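Inspection log for the structure reproduced underneath, given as structure tokens.
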Amino acid sequence: MGQRACKLGNRFRIFPKKVAVFVFGLLLVYYGLSLSYTSKHVKTEQQLKESQEEIVRLSKLYVRDLAEAHGNVDDGPAAFPDTGYDMKKALAVLIDDLSRRVENLGNRIETLERQVVRSSNDTNEEGKMRKSNSDAIISASDLVNDKQDVCPYPSFEDWPYCETKITWMREMWKSDPCYAEWGVDGGNCSILIYLSEQEYWCPPFPWRAKAKAELYDSVSGFQLDFSPLYTMMGDGIYFKWVKSRIERMHSGWVEAANSLSNKFGLAKRRKRKVLILMGLLSDDVGWKIAENAFKGGPLGELVQWSDIISAIYILGHHVTIAKSAAEVREIYSPFLQSASSNCPLKSTPFDIVYSDITGLKMLRKVAGKKFHLLECSLRVIDSFGTEPEFNHPSYAARKKHKTTWGKWNLNPKQFNTMFPHSPDNTFLGFVVEEHRNDTDATDIPKEDIALVYGKRDDFWKEQRQYIDAIHEVVEVHSTVDESKALEHVPSYVHNHGVLPGLELHKLLRRAKIFVGLGFPYEGPAPLEAIANGAVFLNPVFDVPKDSLNTQFFKGKPTLRKLTSQHPYAEMYIGAPHVRMIHTNDLDGVKAIVRDILQAKDEVKPYLPYEYTSAGMLERLSIFLEKQDFCSGSANSSWPPLSALQTKITDQKGTCIETCHAAGLICEPAFFPALNKKSTFASLDVACSEFPDTKPAPEIDYPAFLNDKCFLQSENKLFSCAGRYTEMKQLCPCRDFIPGQVSLCKDCVDF
């Protein structure tokens, strides 16, 4: 009994004074009842029994009311932590004792034991879980020994692994002390709460989710003073280029924040702790990207990182920046050393981690076998994207995909790209730099000059005839790094060297034409040129380039085929801002250049909204608030299912192509909602058989062929882009906001 009292005392969370008043009140009730029974000389045993039951019933009701008044949540073992349920256990002992005393007064009946009322005929465990609490009566001894009230529980229909996990947990919850630390005591309610809220195998209690949401800190407003951010980055070489871009674009960010605030208000957003892990800058890698940024080195990744940092900071979240394995170890070791690999971490230093692949490798090395405990917080900056079939380790091995960048086994939506390559990943994007308020950059007339897109001498290799053809019609300029002698740039080219941001934009403002050489692929520069009113010559690839025929893409985790140097400019912008050219058709090239120069109407600057500061702030704010990769819900809460439009492919097309043909976007978050037998029936697809697909699932399930229907057994293999069978695939499509392809019309809900 002493141990029970100690255990009970450790759980006691109600204010002592209020408990004392309540106990005193119960004693008064008992004393009054005692006198009443003595004076009235209880006539029958039945009357005594009924009176005792009434005492206990009223006392329980009072305890429940008291618990609700203190916790403002439902009572019971499934209630939110720190409410009145533990008090209920303590007071139930007192009530039981009072009940026995009343029984002794009559001295006519034996001790009345109360047991949980359960139907012996009910063999369905799920049915037991769903019985209402009002159907069961719990004795004081049951409560002290943690025999639980019965849990009313949501449907398991969309949670295929829930019952299996419950069965395992009943048998194995003592196998690791961490389960008890999370509140598992072997009872159904504690198991269900743990599996729904910590491991996400089961559906959550809606009212508990609401109570938990109230615990988050809210963002108070935009952070428009960048001084703390600049201090964090310091004055070293590592963040020099990033810092200079952020400083240069500060006024544009402020303007965008004010615009977005007026448009949406952005109230009640959760404040996130965000780690920015830029592994590409680490000395351990030796790429020297920071040092080469001012010498013509690759800037696409640094552009995107700069804008991610700026946007998250402005949106009011807490930002920390790291770049080395030593920093990662210092941050995470205190949280991982004593943690069990079987249970979620009790606390983590960050809610969300934005990292590149190099940073992920650092994090995995530090975390070791506990890396999976951090996975759902990750957001991977991945320029070219990672398709599901490269992400899933066993499937990639079965298809013999060779890649050093894939096999992370994350939710494919955790990979964030620069352009909307595939809806299987998240299009995060970047901001195209503008100087609309700088008269030095805007009041510049157009000239008959062509600026070539290629900062390195080797980009010009084997392009001499193409450049010569352009030179016959128009003056040619460039911004090639001159730290080494130029071998491939013709002598007639006016080379300006590598220019800082504002000077480059002045040159783009002068140029009527921006010339693509075919490489680099999918960089930010063409969008900057178009935003300054230059027409981009976009080279067409007669044979699309992919990881099978192009060295640059070998090992990259995608089978995407590039039909031009810049597919986004080709598909989403087009003429008159983009002109498709064949570099080996020299007469055709000269004709297009003349057509641009002689056009009656000057081509105006154009910038898609999704590449503006406001567009990125809007998109990222929604991602930070709505994207949840830690929840196991099969029914997507975001994007909202109201946006789902189901289409069916032919026997060769992908879901990307099928949705696009209908003017829609494929949305992989909706695949689980389609991956049910009932979906086929609702589409009038007659299925005589659902063959077992677990030994060898395919990337293009759910699908059907004739009367055989196939469900996807691996939730990380759902794919809009993948295609291997000749079945007809069920496709989850949605609408999109013009100029903001990542968002559906029902998605913008702040």
Selection from segment 234-263 of residues in contact (Cβ under 8 Å) with a residue 40 or more places away in the chain and among the acidic types (Asp, Glu) yields Glu255
Among the listed residues Val432, Val476, which satisfies the condition of being crowded, with 20+ Cβ neighbours inside 10 Å and out of contact with any strand residue (DSSP E or B) (no Cβ under 9 Å at 6 or more places or on another chain)?
-> Val432
If you check Ile470, Ile449, Ile381, Ile444, which single one turns out to be more than 26 Å from the chain's Cα centre (by Cα) and crowded, with 21+ Cβ neighbours inside 10 Å?
-> Ile470
Of all the residues that make up segment 495-504, how many are in contact with a Ser or Thr (Cβ under 7 Å, 6 or more places away or on another chain) and not polar (S, T, N, Q)?
-> 5
Helices (runs of 4 or more DSSP H) (entirely within segment 222-295) containing at least 2 residues that are surrounded by 14 or more Cβ atoms within 10 Å (Cβ to Cβ) and modelled with pLDDT of 90 or more = 227-233, 240-248, 250-264
For segment 204-220, indicate whether the set of residues that are modelled with pLDDT of 90 or more, more than 14 Å from Ile309 (Cα to Cα), among the β-branched types (Val, Ile, Thr) and not in a helix (DSSP H, G or I) is non-empty.
-> no
If you go through segment 154-189 one residue at a time, how many are assigned to a helix (DSSP H, G or I) and either over 27 Å from the mean Cα position of the chain (by Cα) or among the aromatic types (Phe, Trp, Tyr) (or both)?
-> 12
Among the residues of segment 657-694, the number that are touching a strand residue (DSSP E or B) at 6+ places or on another chain (Cβ under 7 Å), closer than 19 Å to Pro738 by Cα and not hydrophobic (A, V, I, L, M, F, W, C) is 2
Out of Gly588, Gly632, report the one residue that is at pLDDT below 95 and more than 30 Å from Met249 (Cβ to Cβ).
-> Gly632
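From Lys708, Lys652, Lys716, grab the single residue that is out of contact with any Phe, Trp or Tyr (no Cβ under 6 Å at 6 or more places or on another chain), among the basic types (Lys, Arg) and surrounded by fewer than 13 Cβ atoms within 10 Å (Cβ to Cβ).
Lys652
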Filtered residues of segment 326-335 (kept if surrounded by fewer than 20 Cβ atoms within 10 Å (Cβ to Cβ) and in contact with a helix residue (DSSP H, G or I) (Cβ under 8 Å, 6 or more places away or on another chain)) | Arg329, Ser333
Residues that are buried (at least 20 other Cβ atoms within 10 Å of the Cβ) and within 20 Å of the chain's Cα centre (by Cα), drawn from segment 359-372 = Gly359, Leu360, Leu363
Criterion (closer than 25 Å to Leu451 by Cβ and either in contact (Cβ under 8 Å) with a residue 40 or more places away in the chain or in a loop (DSSP other than H, G, I, E, B) (or both)) met by exactly one of Glu625, Glu618, Glu602, Glu570 | Glu602
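Is it true that some residue in segment 502-510 is charged (D, E, K, R), within 21 Å of Phe419 (Cβ to Cβ) and part of a helix (DSSP H, G or I)?
No, segment 502-510 contains no residue that is charged (D, E, K, R), within 21 Å of Phe419 (Cβ to Cβ) and part of a helix (DSSP H, G or I).
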For segment 512-524, indicate whether the set of residues that are modelled with pLDDT of 90 or more, of a type in the set (Asp, Glu) and not in a loop (DSSP other than H, G, I, E, B) is non-empty.
-> no
Among (1) closer than 26 Å to Asp481 by Cβ; (2) free of Cβ contacts under 8 Å to residues at least 12 places away in the same chain, which single condition is Thr231 missing?
-> (1)
Inside segment 628-656, can you point out the residues that are in a helix (DSSP H, G or I) and not polar (S, T, N, Q)?
-> Leu641, Ala643, Cys655, Ile656
Looking at this structure, is Leu315 at pLDDT 90 or above, crowded, with 22+ Cβ neighbours inside 10 Å and in contact with a strand residue (DSSP E or B) (Cβ under 6 Å, 6 or more places away or on another chain)?
-> no
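The values are calculated or read from the model by the stated rules, or taken from the named source; none is laboratory data. All figures in this text were calculated on a predicted structure; none of them were measured in a lab. Cβ atoms come from the backbone with ideal geometry, glycine included; neighbour counts cover every protein chain shown.
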